[in-house]
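Notes follow the structure.
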There are 2 protein chains.
Amino acid sequence: MSGAQLSDHTVTKHTIHEVARRAKVSITTVSRTINTPSLVDPATAKRVSAAIEELKYYPDTHARSLVSGRSRILGLIVSDITNPFFPELVQGFEDIATRQGYDVLVSSTNYDSARMTLSVRRMLERKVEGVAVMTSEMDDHLIEQFARRSVPMVFLDVGTPGEHISNIVVDYAMGVNEAVAHLVGLGHRRIGFVSGPQDLLSAQARRGAFVRSIEAYGIASDGRLIVQGDHKVTGGLDAMNRLLKLPERPTAVLASNDLTAVGMMRAVRLAGLVVPRDISIVGFDDIWLAEFTEPPLTTVRLSRRELAEKACGALIAGLSAAPRPREYGIETHLVIRESTCPA
Amino acid sequence: MSGAQLSDHTVTKHTIHEVARRAKVSITTVSRTINTPSLVDPATAKRVSAAIEELKYYPDTHARSLVSGRSRILGLIVSDITNPFFPELVQGFEDIATRQGYDVLVSSTNYDSARMTLSVRRMLERKVEGVAVMTSEMDDHLIEQFARRSVPMVFLDVGTPGEHISNIVVDYAMGVNEAVAHLVGLGHRRIGFVSGPQDLLSAQARRGAFVRSIEAYGIASDGRLIVQGDHKVTGGLDAMNRLLKLPERPTAVLASNDLTAVGMMRAVRLAGLVVPRDISIVGFDDIWLAEFTEPPLTTVRLSRRELAEKACGALIAGLSAAPRPREYGIETHLVIRESTCPA
DNA sequence: GCGCCGCATGTAAACGTTTTCATGAATATA
DNA sequence: TATATTCATGAAAACGTTTACATGCGGCGC
């Protein structure tokens, strides 16, 4: 009988009232069993839990958020989810957030400020309880919108900790120094650098660290050896081509990120040269791909897991009133593979 | 004065009531100006809009969802966001969803069924209006939970369209045929295949397509030439090593996905051979990386953009009562680069 | 001039929780 | 024994919307 079939599939809306009726208590008690079990008699709690189990009841998030003012959502803004650096970050962030009972609203802005504005708008509407901004296109106007609502924020390298703002500062200099030391130790003196987009603060930091490091080794930094990329493969390819055309080409080149290095390696091969015999290459980030390029890439590791942990941790800490650190440091270290060899 | 400063930052909660008061209308009228402008006098609407603008008011999503029963959230479940195939899919999906006013809750299950159960639970709690399942670890029990609530679902290749279920069927055979034709045309006869994990339906489909295609060309399919990978780089590497140890090794090998192909190429090089001179390799998916491997990878393209569009489209169509297609087809096509050459 | 209809607007009831406050019972304190 | 204190529970208000229903008003056909 189709009527019977239909009612098989019909679901009574399982609200807190149903549970209450079933357990013969008030809805208040049900709510308490879920949220503050210490306030309810163990025997009653058991009865309520049984009813919940039976009905497969779970509270309506919207109703809950409406009255409690807490959405249990965290926002995560990245610049380009297509860059292998970010999925790992997203994954780690989600892991941790989920474990703490938070859901994550991810947004990839594609370096586009209109998109960014839209993301912020959406996050505001969903009343996120915290936002991690892992990109630099965030303008003050948008920051203010979160600040105004006392939403904790955490930034990467952007560096103005404040009431609700934490900052993660990556020690780029550390890894870059290790890389330069490694190269110098191998006898390299003409060392080039392919930077990222100049408006990206983290890219600026990487470049700055390189210049300082080079000079620390008594090598006069040569402007012609520093060319601009875009943190993508094609940018690295173009940049390396320019470097190769130099009258005196570098014997080693550092990249601002691994994608850039991949493009650079391709440019070298296209020029009929081989890495590392003719030119050594060092990347930055240590994305999974670095292990599988040809040859495997020597690179500076920036742990995504650690980044995710600190970012998420900062946000969740920011939700409690307790005093908390406003700055989190992250180290970077050289990982030596096969894209470098003596000059 | 600190008091003054403080009040600078104080925000009055901008509710619909504030707007109403400001525009001298009832909250109903405000609601209507936002949701069904046709029902309100243009002059009034203008006044209301002005008030909204002034207060930078936007409706509270939770309250809205609570009463309307619509969350404006779509769920997207992928198996591994770390696989470059998926970020592009996620990006496309988000683009489209956002444009339609939906937010997206992304979940990467890492091939782990416990995680999957958790994701489903979270999505149910957030009352997603539709779920796209781009992985095969979905068991019937979980599917039923969505079905019970009439949540539209769309699957990839899993193939049991129903009341609320749409299915996207990828024409793997098409691309695989093109690849085999290409190889046979180049004179290859001993053609190998590295499959994906066997419990993945899409991997099974790819393998099946290969076997049928080979036979269509009158080549007896040789079991030893088909070895199993895991859709990751390392699996491809191992698999290719096994293939290379064969008394009569294949002159060309198809991979079940590009990551596998990357591993295979590495194995070939490690064995002191060169692609494509000694062995031709064809990938599957055409992830961005395929263009930048050494040599650039000949592969079968499966458009992520199209996949995202169809998946998202199916969900949104499923929300209206109108009859809609239950099956969406996607073609695949060979992209010839430099990892293949005459036998 | 009367009833009717459509239009613009408003009133009030939901939606499903959390939370404040009140109540009664049981236990400890004097 | 009378009074305070804790403990377990419940009643009802609030959260900020949408929406079903009601109202008043001007125009139209007759």
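Quick check on the protein assembly as shown: take the gyration tensor over C-alpha atoms, sort the square-rooted eigenvalues as a ≥ b ≥ c, and tell me if it's rounded (a/c under 1.5), prolate or oblate. List each step's numbers first, then the result.
On the way: a/c = 2.11, a/b = 1.30, b/c = 1.62.
Verdict is oblate for the protein assembly as shown.
If you take each beta carbon of peptide B:53-65 and count the beta carbons of other chains within 10 angstrom, what is the mean? Walk me through the numbers before you get to the answer.
Numbers: counts 0, 0, 0, 3, 0, 3, 1, 6, 9, 15, 5, 3, 6.
Average per residue, whole number: 4.
Within 10 Å of each Cβ of A:284-295, how many other protein chain Cβ atoms are there on average?
Values: counts 0, 0, 0, 1, 6, 7, 0, 3, 11, 6, 8, 3.
Per residue, the number of nearby Cβ atoms from other chains is 4 on average.
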(request) Compute the Rg to Rh ratio over region B:1-140 from the alpha carbon atoms, using the Kirkwood formula for Rh, and round to two decimal places. (result) 1.14
(message) Under the rule of at least 5 residues apart or a separate chain, name every residue whose amide H is placed under 5 Å from the amide H of B:Asn167.
(response) B:Phe155, B:Glu327, B:Tyr328
(request) Per residue of region A:282-295, in order, report the coupling 6.51 cos²θ - 1.76 cosθ + 1.60 (Karplus, θ = phi - 60°) as ³J(HN,Hα) in whole Hz, putting x for Gly and Pro. (result) 10, x, 8, 2, 6, 6, 4, 4, 3, 6, 10, 6, 10, x
(message) Rounded to the nearest angstrom and ordered from largest down, what semi-axes does the equivalent ellipsoid of chain B get from its C-alpha gyration tensor (root of 5λ)?
(response) 52, 21, 18
(message) Which entries of B:Lys127/B:Lys232; A:Lys13/B:Lys56; A:Lys24/A:Lys56; A:Lys24/A:Lys127; A:Lys127/A:Lys310 have Cα-Cα distances beyond 27 Å here?
(response) B:Lys127/B:Lys232; A:Lys13/B:Lys56; A:Lys24/A:Lys127
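With a/c under 1.5 counting as rounded, go ahead and sort region B:300-339 into rounded, prolate or oblate using the C-alpha gyration tensor (a ≥ b ≥ c being the square roots of the eigenvalues; past the cut-off, prolate if a/b is larger than b/c, else oblate). List each step's numbers first, then the result.
Working: a/c = 7.63, a/b = 3.28, b/c = 2.33.
Here region B:300-339 falls in the prolate category.
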(request) Could you line up A:Val30, A:Val282 from fewest to most neighbouring Cβ atoms inside 10 Å? (result) A:Val30, A:Val282
(message) Please list, ordered by chain and number, the residues whose modelled amide H lies under 5 Å from the amide H of B:Asp80; skip anything fewer than 5 residues away on the same chain.
(response) B:Thr109, B:Asn110
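If the only charges are +1 at each Lys and Arg Cβ and -1 at each Asp and Glu Cβ, what is the size of the charge dipole of the protein assembly as shown around the Cα centre, to the nearest 20 debye?
Numbers: 78 positive and 78 negative charges, 278 e Å.
With Lys and Arg at +1 and Asp and Glu at -1, about 1340 debye.
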(message) Placing +1 on the Cβ of each Lys and Arg and -1 on the Cβ of each Asp and Glu in region A:167-324, which of A:Asn241, A:Ala314, A:Ala179 has its Cα farthest towards the positive end of the resulting dipole?
(response) A:Asn241
(message) Let me make sure I get this right: for region B:60-114, a, b and c are the square roots of the gyration tensor eigenvalues over alpha carbons, sorted descending. Under 1.5 in a/c it's rounded, otherwise prolate if a/b > b/c, else oblate. Which is it?
(response) oblate
(request) Please give the peptides A:106-115, A:35-44, A:191-200, B:259-268 ranked by average Cβ packing (other Cβ atoms within 10 Å per residue), highest first, as a rough proxy for protection. (result) B:259-268, A:191-200, A:106-115, A:35-44
(message) Residue by residue through A:72-82, how many Cβ atoms from other chains fall within 10 Å of the Cβ on average?
(response) 2
(request) Taking H placed 1.01 Å from N in the peptide plane, check which residues at least 5 places from A:Gly196 or on another chain put their amide H under 5 Å from its amide H. (result) A:Gly229
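Quick note: the coordinates plus some simple rules give every number you see, no bench work behind them. What you see is a predicted model, and the numbers here were worked out from it, not measured in a lab. Cβ sites come from the backbone with ideal geometry, for glycine too, and all protein chains shown count toward neighbours.
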